[in-house]
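Visitor: Next up is a structure, given as C-alpha cells.
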Amino acid sequence: MDQNAHVHLAELISLARVGPRTGDPDAWKSSAFGGFRSALAALQAVGAVDPEEAEDWTNRMMVALGEEPLEPLEPVPGVSRARLITFRQSSPPRPPSRPPISRFLGLVPANEPDRPLDYGGRLQILGVELYSDKVTVNWRLAPEPDYEVVFAADLAEQEEDMEGLPELQRTHLRRRLIHRLQMQRDFLRLSDDLGTAYQTRGGGSGGGGSEKRGHTDFSPGVPMEARHLTVTWGDELQFGIRLPPERA
C-alpha cells in the first residue's frame, strides 16, 4: 500500500474510534463512513490501494465504528458487485427554542490545594461561576499529565493500523489522536448535595509551558436549595465547594 494512503486511512480510523461528542451517533456514523468510503474510492482510483486492501480497511472502519466486520461478497462471473451500507438514523430533532438570557449569579472560589494525578501532573480546581442556567468550573493543570499514559488504551488500538509505517509518521498520528482525545474526552463531573443531574455542555482551554487552564460548563444551574458542590476529575479526585446560603 502507498505510504501516504496508509497514513490517511489510519488517521480516519483513529478519529472514528474517538466518536462524536454530541449529536446523533448513527448520523455521525453515516457521515464518517461516507467520508471514509469516498477517500478509499479515490485512493483505489489512483492505484494507491488494491481491492484486497480496500476490503481489509473497510472492515477496520466498521469495527472502529462499533459494527461487525462485513462478510466477503461471493464472486459472480462477469458481474461487478457492490455493497450498500447504511446505519440506522433517528428522525431529525425539532429545532430548539431560543434559550433565555444567561444571568450571572456569583463566583465561588475553591479553597482546596492542588493534587497529584495518578498519571502525572497536578490538578487545581480554581472555583465555579454560577449562572441562572449553568455552572462553569474553572480548573488548572500544572504541570500537565502524561497524555500517552492517560490515553494508553486508545493509542494501543491505533498501533495495529500504523503497522509498517516509519516512526516519524507513527509519531505524527499518535500526536493527532492525543490532541483529538484531549478535545473530546470529558474528565470532569459535577454533583451536588441534592442529587441534581448535571450534563456537560462544552468548555475551552489553553496554555503552554506544561501548564493548561480551562473551564467546563454544566447545565442546569445550581438549585437555590443546594449547599455543596463536588467536582470529580476522572475516577480519582474530588474537590468540595461550599456554596453561600444566599445567592442573587
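What follows is calculated from the coordinates using simple rules that are stated; it is not laboratory data. Only a predicted model underlies this, so the values are computations on that prediction, with no experimental measurement involved. For neighbour counting, all protein chains shown are included, and Cβ atoms are generated from backbone atoms with ideal geometry for every residue, glycine included.
Visitor: Scan around residue 127 for amide H atoms under 5 Å from its own, H built in the peptide plane at 1.01 Å from N, and keep only partners 5 or more places away or cross-chain.
Guide: HN-HN under 5 Å from residue 127: 110, 138.
Visitor: List 161, 192, 118 from most exposed to least, where exposure is judged by having the fewest other Cβ atoms within 10 Å.
Guide: The order, fewest Cβ neighbours first, is 118, 192, 161.
Visitor: Once amide H atoms are built 1.01 Å from N in the peptide plane, which residues 5 or more positions from residue 106, or in another chain, come under 5 Å H to H?
Guide: Those qualifying (amide H under 5 Å, at least 5 residues apart or on another chain) are 130.
Visitor: Can you compute the helix-only [θ] at 222 nm over the chain? Use -39500 (n - 2.57) per DSSP H run of at least 4 residues, normalise by all residues, nearest 500 deg cm²/dmol.
Guide: After summing the helix terms and dividing by residue count, I get -11000 deg cm²/dmol.
Visitor: Calculate the spin-label point distance for residue 146 paired with residue 67, positioning each point 7 Å from the Cα along the beta-carbon direction, and give it in nanometres.
Guide: Reported label-point gap for residue 67 and residue 146 is 3.8 nm.
Visitor: Follow-up question, since we're still on this one. What FRET efficiency comes out for the pair residue 42/residue 213, r = Cβ-Cβ distance, R0 = 51 Å, nearest 0.05?
Guide: Approximately 0.80, to the nearest 0.05.
Visitor: Tell me, 131, 119 in order of fewest to most beta-carbon neighbours within 10 Å?
Guide: 119, 131
Visitor: A further question follows. Which loop-located GluC sites (Glu not before Pro) does segment 149-221 contain, where loop means any DSSP state but H, G, I, E or B and the Cβ has at most 15 other Cβ atoms within 10 Å?
Guide: 163
Visitor: Which residue fluctuates most in the GNM of the chain (Cα springs below 10 Å): 224, 61, 183?
Guide: Comparing 224, 61, 183 in a Gaussian network model of the chain, the most mobile one is 224.
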